[in-house]
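The values are calculated or read from the model by the stated rules, or taken from the named source; none is laboratory data. Fair warning: this is a prediction, and the values are worked out from it, not measured in the lab. Glycine gets a Cβ as well: all are built from the backbone with ideal geometry, and neighbour counts include every protein chain shown. SASA here: full protein model, heavy atoms, side chains in, ligands and nucleic acids out. Shrake-Rupley method; radii C 1.70, N 1.55, O 1.52, S 1.80 Å.
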Amino acid sequence: MNDAAPELLRIDDGDRFESLRLIPWWDQERLSRTRILVVGAGALGNEAIKNLALLGVGHLAVVDMDTVESSNLSRSVLFRASDAGRRKAEVAAERAAEINPQIQITPLASDVLSGVGLGWFADADIVLGCLDNREARLWVNRCCWHVGTPWIDAGIQEISGVVQVFVPPDGTCYECGMKQADYRLINLRYSCPLLRQEDVRRGRVPTTPTIASIMAGWQVQEALKLVHAQSTSASSAMVFHGMTNHVYRTNLPRHEACLSHDPWDPAERLPEVTAESTAAELFAAAARAVNDAPLRLRLHRDLVRGFACGGCGHEQTLLQGLLATRASEAVCPSCGATMTAEIVGDVATSAAELSEKKLSELGIPAADIVTLEFAAGPRRFRLADPTFAPTGSLPGAPSEEAASRSGEAEP
Ligand SMILES: [Zn+2]
Ligand SMILES: [Zn+2]
């Protein structure tokens, strides 16, 4: 036996959170059960994920469809030059697991608007918006208000930033503060038959790693307070002007007519239906569950069924989300005119051809909450795809912790 061994064990008792536990209101076990959905793994997302991993927030999911580029390396603590071309969400998840092997983190390499089912928002305790555009913020806001999950938005530009805490259903939401100009800027991204223009590129906002660190630190600190039921700055914006170091908090007025204020009743679970089931299977399962026949499935993301050319009569069939459809796809291959898109907003139970499609082919992501219309009105159903891992499965029992420290087990 080495004499130093008992001494080492005494110094490092394996509790990486020892100093955090000294904070009187701190509840590390509660943090280990907490589920946070981080939307965006750019400069802000990197800092937020780093903080959440250090703090031992037990269950994270990270949404980002982009890949790592060299320009990210000056602002993203989790990325390395060798990560170029890999999905940001996957790299961020790997690095967070290195920082803290006790947490579970799921990468979702998807567009938050089209590829992240509402179940992820419903199962999260808190959503963090680490985004760089209004369109995604508005989408996250509406998702959170439907399912009643608080979300904290951070925004940065140059060396200044803002953090806003939104708590449904009674607080102020992101959309309450939107002006006509904001809606105009969102609509700028779409051209006439509503398809996204390739040439309207998302404007690049210049930012520094210092402001990302400051604002994501503030954002995660507000999340910690929400988790511990401490009072937060809900319904207000905390603004930091980096050049003058001027900090102020401004209350955000609530607009009662705001379109985002649309809380949904809890969805009924359909254990046998996933995004890989067909619409017909969904209709049958829902009919069994509520003992009534649905009339139609409402699509929350518009679907392009095909194109028709008004100039030469050329027709083309397609089945693709409107968000994923580019303006260049609407150019007629015969005459070069812009074709008109046939956009589908629902699938009737009588529509035999569409009913045989998988829900994923109809643009419905895994774990989504779907709306079926019945004669008596709409009802929500939750698809059975999993989201966050069950909270009971979290590694961190003393034996596992000891094993991973001695290198006997991989995280
Ligand atoms: Zn609102
Ligand atoms: Zn044509």
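Quick notes on this structure:
- One residue from GLU272, GLU256 being open to solvent by 40 Å² or more (accessible area, probe 1.4 Å) and free of Cβ contacts under 8 Å to residues at least 24 places away in the same chain: GLU256
- Residue check, GLY203 more than 16 Å from ligand 1 (Cβ to nearest atom) and at pLDDT 95 or above: no
- Scanning region 286-301 for residues that are in contact (Cβ under 8 Å) with a residue 60 or more places away in the chain and open to solvent by less than 70 Å² (accessible area, probe 1.4 Å) returns ALA286, ALA289, VAL290, ASP292, ALA293, PRO294, LEU297, LEU299, HIS300, ARG301.
- Screening ILE369 against (1) open to solvent by less than 60 Å² (accessible area, probe 1.4 Å); (2) modelled with pLDDT under 95 leaves a single unmet condition, (2).
- Applying a threshold of 7 Å to beta carbon distances and a minimum spacing of six or more residues, or different chains, the list of pairs starting in region 328-342 at a residue that is away from ligand 1 (no atom under 16 Å from the Cβ) and ending at one that is among the polar types (S, T, N, Q) and modelled with pLDDT under 95 reads ALA330/THR338; VAL331/THR338.
- The criterion of at least 2 residues that are without any contact (Cβ under 8 Å) to a residue 24 or more places away in the chain and more than 16 Å from ligand 2 (Cβ to nearest atom) is met by none of the strands (runs of 3 or more DSSP E) falling completely within region 99-162.
Conditions tested, residue by residue: (1) within 16 Å of ligand 1 (Cβ to nearest atom); (2) under 18 Å from ARG204 (Cα atoms).
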residue: THR106; (1), (2): no, no
residue: ASP125; (1), (2): no, no
residue: LEU128; (1), (2): no, no
residue: LEU131; (1), (2): no, yes
residue: ARG134; (1), (2): yes, yes
residue: LEU138; (1), (2): yes, no
residue: ASN141; (1), (2): yes, no
residue: GLU158; (1), (2): no, yes
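- Remark: LEU323 matches the filter, which requires a residue to be within 25 Å of THR387 (Cβ to Cβ), among the aliphatic types (A, V, I, L, M) and in a helix (DSSP H, G or I).
- Hey, THR232 more than 16 Å from ligand 2 (Cβ to nearest atom), modelled with pLDDT under 95 and open to solvent by less than 50 Å² (accessible area, probe 1.4 Å) or not: yes
- Region 315-335, residues that are open to solvent by 50 Å² or more (accessible area, probe 1.4 Å) and either of a type in the set (A, V, I, L, M) or over 30 Å from THR278 (Cβ atoms) (or both): LEU319, ALA324, SER328, VAL331, PRO333, SER334, CYS335
- Residues (more than 17 Å from ILE103 (Cβ to Cβ) and in contact with a Gly (Cβ under 7 Å, 6 or more places away or on another chain)) located in region 41-64: ASP64
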